Amino acid sequence: LCGLCASVAPTSRGGQSSRRLVVLGRGVAGNPAVPVAGDSQSIDDPVKLRRHLTALRSASDWEAAHDLLWWALREAPTITQPIHCNIVLASLSESSQWQHALVLLEHMAAAGIKRDGYSFSAAISACARANEPERAVEAFKSMCAADLTPSSVAFNSAIAAAQRAPSRTKAAELVLAIYTLETFKLRPDAWASAAAITALSDLGEHARARALFRSLRAPEEVSAHTIAAALR
């Protein structure tokens, strides 16, 4: 995790050593909600930490939010909760910081911090926005493997990321890798089904594409998109 943690610099006051929190990032100076170079003891409970992280996310300062969270994970783990990680994951997603998002997601598991659907959805979105389709698909698979039922937002975000793979064949393979997951417990909507039908057609699996279309029964599974995909 080298280079990802917040910087905590020891200082001296009256001959006694104390720690001061140094949050590195843009837009922090002048924001009274953020403890820049302030006494780290000012963040001594989960509510204060959440308030600081939320303020940084609102200011679109993912770097400072990221650094503050890693300081808390290292120096104040007893006050760090899943909601704090999710706030930072959302900030990383909004800024397309997929590497940081995946590292944080993995650290949550290693540290015993519960990951939920929001955690994974934010990481998937970060990968999708950064045009990292394979990473998005792997994050979605990890979500399913963790016995979490993904939301339609997470599913469609992963599908959309897969469609942006550099080649049509690779895109089709990634879409189907998600759509056909045995651990997947969510009923795909019409848009996702159309993506899967198109993927099968792109791979030359026209019979399977037609069979998938015929298997769609619920009204929310059939639309102009699925019909157009089946008629390709």
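FYI, it's all coordinate maths here, none of it is from the lab. These figures come from a predicted structure and were not determined experimentally. All Cβ positions, glycine included, derive from the backbone under ideal geometry; neighbour counts span all protein chains shown.
Once phi is turned into ³J(HN,Hα) by the Karplus curve 6.51 cos²θ - 1.76 cosθ + 1.60 with θ = phi - 60°, what whole-Hz value does each residue of the range 120-132 show in order, with x for glycine and proline?
So the J values, rounded to whole Hz, are 5, 4, 5, 5, 4, 5, 4, 5, 5, 5, 8, 6, 10.
Checking the cross-link filter: which aspartates and glutamates have an alpha carbon closer than 18 Å to that of Lys170, excluding same-chain neighbours under 8 positions apart?
Straight-distance partners of Lys170: Glu132, Glu134, Glu138, Asp202, Glu205.
Output wanted: per-residue J couplings in Hz (rounded whole) for the range 196-212, from phi through Karplus 6.51 cos²θ - 1.76 cosθ + 1.60, θ = phi - 60°, x for Gly and Pro.
Result, rounded to whole Hz: 5, 5, 4, 4, 4, 5, 5, 8, x, 8, 5, 5, 5, 5, 5, 5, 5.
So what is the relative contact order for the range 71-209, in percent, with contacts set as C-alpha pairs under 8 Å and at least six apart? Could the numbers behind the result be given before it?
On the way: 188 pairs, mean separation 24.5, N = 139.
Relative contact order comes out at 18 percent.
Describe numerically, in nm with one decimal, the distance between label points set 7 Å from Cα along Cα→Cβ at Ala207 and at Ser60.
Taking the simple label geometry, Ala207 and Ser60 are separated by 5.3 nm.
Mean separation of Cα pairs under 8 Å and 6+ residues apart, divided by the residue count of the range 108-160: what relative contact order is that in percent? Walk me through the numbers on the way to the answer.
Numbers: 49 pairs, mean separation 20.4, N = 53.
Contact order relative to length: 39 percent.
With the contact rule set at Cα under 8 Å and sequence spacing of 6 or more, what percent relative contact order holds for the range 142-232? Intermediate results must be reported in sequence, preceding the final value.
On the way: 101 pairs, mean separation 24.6, N = 91.
Computed value for the range 142-232: 27 percent relative contact order.
Hey, what do the phi angles of the range 166-181 turn into as Karplus ³J(HN,Hα) couplings, whole Hz, using 6.51/-1.76/1.60 and θ = phi - 60°, x for Gly and Pro?
Result, rounded to whole Hz: x, 10, 5, 5, 5, 4, 4, 5, 5, 4, 5, 4, 7, 5, 9, 4.
Would you mind counting up the charge near Ile113? Only other residues with Cβ under 15 Å from its Cβ, with Lys and Arg at +1 and Asp and Glu at -1.
Numbers: positive: Arg50, Arg74, Lys114, Arg115; negative: Glu106, Asp116.
Cβ neighbours under 15 Å give a net charge of +2.
Compute the distance in nm between two label points, each set 7 Å from the Cα along the Cα-to-Cβ direction, one at His107 and one at Ser42.
Reported label-point gap for His107 and Ser42 is 2.2 nm.
Take each of the peptides 130-143, 206-219, average the number of other beta-carbon atoms within 10 Å over its residues, and list them starting from the highest.
Values: 130-143: 21.4, 206-219: 13.6.
Highest-to-lowest ranking by the protection proxy: 130-143, 206-219.
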